[in-house]
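The values are calculated or read from the model by the stated rules, or taken from the named source; none is laboratory data. What you see is a predicted model; the values in this text were computed from it and never measured. Using ideal geometry, Cβ is built from the backbone for each residue, glycine included, and neighbour counts are taken over all protein chains shown.
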Amino acid sequence: MKYSEIYKYNIAHNLCPFCWLPESFIIEKTEYFFVTHARAPYTDDHLLIIPNRHVVLWNSLTHEEIKNLMDLVTKWTAVLHKKHTDIALLLRDWFIWGSWGKSVDHMHFHLIPDIEVWSIKWCWPSREYLSEKILLKKIDDIKKLEKKRTKSTAKK
Ligand SMILES: [Zn+2]
């Protein structure tokens with residue numbers, strides 16, 4: 001299934017997919033944010049870090065939330081480095097009707113392994129929307145990667 005179809009459905013029904021994300025799709029949840037695997041990934045192991053509350057703009061975040069966000073970026077970048085080299089952090093701020101391609105109002109941050117940032121606009125139209133089965137498998141793989149990192153951190 002193509003993500004563009006899901007996107008059209010969400011817009012038509014005024015649905016925020018991040019406010020209704022099933023618990024099983026959440027890899028980690030803190031007081032302020034949750035981490036999930038992108039349902040329409042740009043690359044393999046593409047993660048999203050999303051505020052628990054529905055906010056649209058970066059400036060809506062408190063200092064406490066930003067501190068928590070940075071802790072999560074640090075942790076999950078280290079996890080992804082177990083398998084990937086370059087990791088891009090992308091803030092998706094502003095409303096969906098902005099200049100290009102933001103598909104969910106709810107502010108979110110992408111951790112994208114192995115991507116040249118200029119190329120996002122080229123892969124956007126052909127993004128696959130993963131089946132629940134494949135998404136849960138990918139979430140499981142990421143959790144295993146995290147365990148690997150936790151073990152190697154404990155050795156130091
Ligand atoms: Zn939302």
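Residues that are aromatic (Phe, Trp, Tyr) and either under 25 Å from Lys144 (Cβ atoms) or out of contact with any Leu (no Cβ under 7 Å at 6 or more places or on another chain) (or both): does region 55-68 have at least one? Steps first, please.
Taking region 55-68 first, the residues aromatic (Phe, Trp, Tyr) are 58.
From what's left, either under 25 Å from Lys144 (Cβ atoms) or out of contact with any Leu (no Cβ under 7 Å at 6 or more places or on another chain) (or both): none.
Scanning region 55-68, I find no residue that is aromatic (Phe, Trp, Tyr) and either under 25 Å from Lys144 (Cβ atoms) or out of contact with any Leu (no Cβ under 7 Å at 6 or more places or on another chain) (or both), so the answer is no.
So Lys75 passes all but one of these: (1) of a type outside the set (A, V, I, L, M); (2) modelled with pLDDT of 95 or more; (3) within 16 Å of the ligand (Cβ to nearest atom). Which condition number does it fail?
(3)
Among what's in region 17-61 and is surrounded by fewer than 19 Cβ atoms within 10 Å (Cβ to Cβ) and of a type in the set (Asp, Glu), pick the residue that is farthest from Leu90 (Cα to Cα).
Glu23
Being at pLDDT below 90, out of contact with any strand residue (DSSP E or B) (no Cβ under 7 Å at 6 or more places or on another chain) and among the acidic types (Asp, Glu) is the requirement here; does Asp105 meet it?
Numbers: at pLDDT below 90: yes; out of contact with any strand residue (DSSP E or B) (no Cβ under 7 Å at 6 or more places or on another chain): yes; among the acidic types (Asp, Glu): yes.
So Asp105 passes the test.
Which of the residues that make up region 1-32 are aliphatic (A, V, I, L, M), out of contact with any strand residue (DSSP E or B) (no Cβ under 9 Å at 6 or more places or on another chain) and touching a residue at least 40 places away in the same chain (Cβ under 8 Å)? Working first, answer last.
Step one: list which residues in region 1-32 are aliphatic (A, V, I, L, M), which gives 1, 6, 11-12, 15, 21, 26-27.
Those still in the list that are out of contact with any strand residue (DSSP E or B) (no Cβ under 9 Å at 6 or more places or on another chain) too: 6, 11-12, 15.
Once the filter is applied, which keeps residues that are aliphatic (A, V, I, L, M), out of contact with any strand residue (DSSP E or B) (no Cβ under 9 Å at 6 or more places or on another chain) and touching a residue at least 40 places away in the same chain (Cβ under 8 Å), region 1-32 yields Ile6, Ile11.
Might you let me know whether region 78-86 holds any residue that is surrounded by 20 or more Cβ atoms within 10 Å (Cβ to Cβ) and touching a residue at least 60 places away in the same chain (Cβ under 8 Å)?
Within region 78-86, one or more residues are surrounded by 20 or more Cβ atoms within 10 Å (Cβ to Cβ) and touching a residue at least 60 places away in the same chain (Cβ under 8 Å).
Based on this model, can you work out whether Lys8 counts as more than 21 Å from Ile112 (Cα to Cα), surrounded by 12 or more Cβ atoms within 10 Å (Cβ to Cβ) and more than 14 Å from the ligand (Cβ to nearest atom)? Break it down into steps so the answer makes sense when it comes.
Working: more than 21 Å from Ile112 (Cα to Cα): yes; surrounded by 12 or more Cβ atoms within 10 Å (Cβ to Cβ): yes; more than 14 Å from the ligand (Cβ to nearest atom): yes.
When the stated conditions are applied, Lys8 passes them.
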